[in-house]
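In what follows, a single structure is set out as structure tokens and then discussed.
Laboratory data are not the source of any read-out in this text; all were calculated from the coordinates shown. Only a predicted model underlies this, so the values are computations on that prediction, with no experimental measurement involved. Here the Cβ is made from the backbone with ideal geometry for all residues, glycine too, and neighbour counts use every protein chain on show.
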Amino acid sequence: MQTDASCNEHVLQENCTQYLIAATQDVFASMIFMDIEPGEPLTGSDIRFQTSLSSMIGLAGDLRGLVAVHCTREAALGITSSMLGMDVEELDDDVKDAIGEIANMVAGGMKVSLADHNVKIDLAIPSTAVGKSIRVSSLSKGNRVLVPFTTSAGTFGVELQYIFA
Amino acid sequence: MAKNVLLVDDSSTMRKIISRSLRQAGLEFGDIFEASDGAEALDVLEKESVDIVLSDINMPNMNGIEFLREKASRDAIKDIPVFMISTETGDDIIGEAKSLGAVGALKKPFTPDKVNEVLGPLM
């Protein structure tokens, strides 16, 4: 027999992917003015996704883990250009800051959705890595989902790793 | 007379977006000053003529709550209104901000229309 806590965890696992997609769509519709199309979510510990820039923000509290935004070079430049309303041609500090802020706002959207289930989380400060081959390890015994999104500028992915505290 | 605005956010991107949103919303304002955390914001308030502060909450070094608390203790700047713009919109943290003098809050992400709706009356 499931306890209330395990029932709640099950409901959250069902809904987390949708919350992640909704939060990302909200950010892009409100502040980036770019059409995005979610693809089939990827799950499991061995997710592979091409990325040149990844911004991550840690989650603490009732649910621990991270939200990460992974971009190809083209997507990072296109998204930042649209966000700032100016052409950006290099993966510079502006790009790292912009993608980090997207991760921050997506995590903030997740925080609001989870609060409806009485799951309280705290957000850390985002950090960003740039490189030719970035790999984010998964939490042991944690849940992991990555949703790829298609844009006119290329592909990016939004990842949620979490474990209930 | 157009009001001078201080934008406080550790993200330079967000400071640019807020500045752009104020213009897109058609709001009149004077000079815009910027700070990347609460400590820098206090320095600006002590040196410049600022009419309203738009501040993030989750920042390194000195966050928005610590900034409000410190500002409230300084007679010369304690009455300058502060409006919070943050991903943090829980009743507990916004309640704490308001208890320390914040006059309102806007959730990120936001649209220019929302900026006009909530900040228009203050500008």
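Quick notes
- Debye, to nearest 20: dipole size of chain B, +1 on Lys, Arg Cβ, -1 on Asp, Glu Cβ: 340 debye
- Scaled against 2.2 N^0.38 Å for its residue count N, the alpha carbon radius of gyration of chain B is 0.95.
- Volume of the Cα convex hull of the protein assembly as shown, divided per residue and given in Å³: 131 Å³
- Least to most buried among A:K132, B:K107 (fewest other Cβ within 10 Å first): A:K132, B:K107
- Taking Lys and Arg as +1 and Asp and Glu as -1, the other residues whose beta-carbon sits under 14 Å from that of A:S133 total +4.
- Size of electric dipole in the protein assembly as shown: Cβ of Lys, Arg +1 and of Asp, Glu -1, about Cα centre, debye, nearest 20: 440 debye
- For A:28-35, mean number of other protein chain Cβ atoms within 10 Å: 3
- Trypsin sites (Lys or Arg not before Pro) lying in DSSP loop within region A:27-83, provided at most 11 other Cβ fall within 10 Å: A:R48
- For B:R20, A:R135, the sequence from fewest to most other C-beta atoms within 10 Å is A:R135, B:R20.
- Amide N proximity, region A:120-143 versus A:S45 label position 7 Å along Cα-to-Cβ, cut-off under 16 Å: A:136-143
- At q = 0.16, 0.19 Å⁻¹ the log10 of I(q)/I(0) for region A:7-165 amounts to -0.83, -1.17, computed by Debye summation with a single uniform scatterer per C-alpha, solvent ignored.
- Evaluated with a Cβ-only charge set (Lys, Arg +1; Asp, Glu -1), region A:1-133 carries a dipole of roughly 360 debye about its Cα centre, given to the nearest 20.
- Longest exposed-site-free window of chain A, the sites being GluC sites (Glu not before Pro) in a DSSP loop that have at most 11 other C-beta atoms within 10 Å: A:1-88
- Applying a threshold of 23 Å to the alpha-carbon distances of B:K47/B:K108; B:K47/B:K98; B:K16/B:K114 flags B:K47/B:K108; B:K47/B:K98 as lying beyond it.
- Centroid-to-centroid separation of region B:31-94 and region A:49-68 [C-alpha atoms, Å]: 27 Å
- Label point of B:D31 set 7 angstrom out along Cα-Cβ; within region B:1-15, amide nitrogens under 13 Å from it belong to B:3-7.
- FRET efficiency, 1/(1 + (r/R0)^6) with R0 41 Å, evaluated for A:I125 and B:A2 via beta carbons: 0.80
- Proxy reagent accessibility, fewest Cβ within 10 Å first, across B:T13, A:T51: B:T13, A:T51
- Cross-link partners of B:K71 among aspartates and glutamates (Cα-Cα below 19 Å; sequence separation of 8 or more within a chain): B:D9, B:D10, B:E34, B:D37, B:E40, B:D43, B:E46, B:E48, B:D51, B:D56, B:D79, B:E96
- On the beta carbon distance between B:M123 and A:A22, with R0 = 41 Å, the FRET formula returns roughly 0.85.
- Peptide A:97-108 has a mean shielding of 5, counted as Cβ atoms of other protein chains within 10 Å of each residue's Cβ.
- 28 Å Cα-Cα threshold exceeded, pairs from A:K120/A:K141; A:K96/B:K78; A:K111/B:K3: A:K96/B:K78; A:K111/B:K3
- With each label modelled as a point 7 angstrom along the Cα→C-beta vector, the B:R74-B:R20 pair spans 3.1 nm.
- Farthest toward the positive end of the dipole of the protein assembly as shown, out of A:A153, A:L53, A:S138, is the Cα of A:S138, where the dipole comes from beta carbon charges about the Cα centre.
- Linear extension gain, A:V11 paired with A:D87, 0.36 nm per residue minus alpha-carbon span: 23.1 nm
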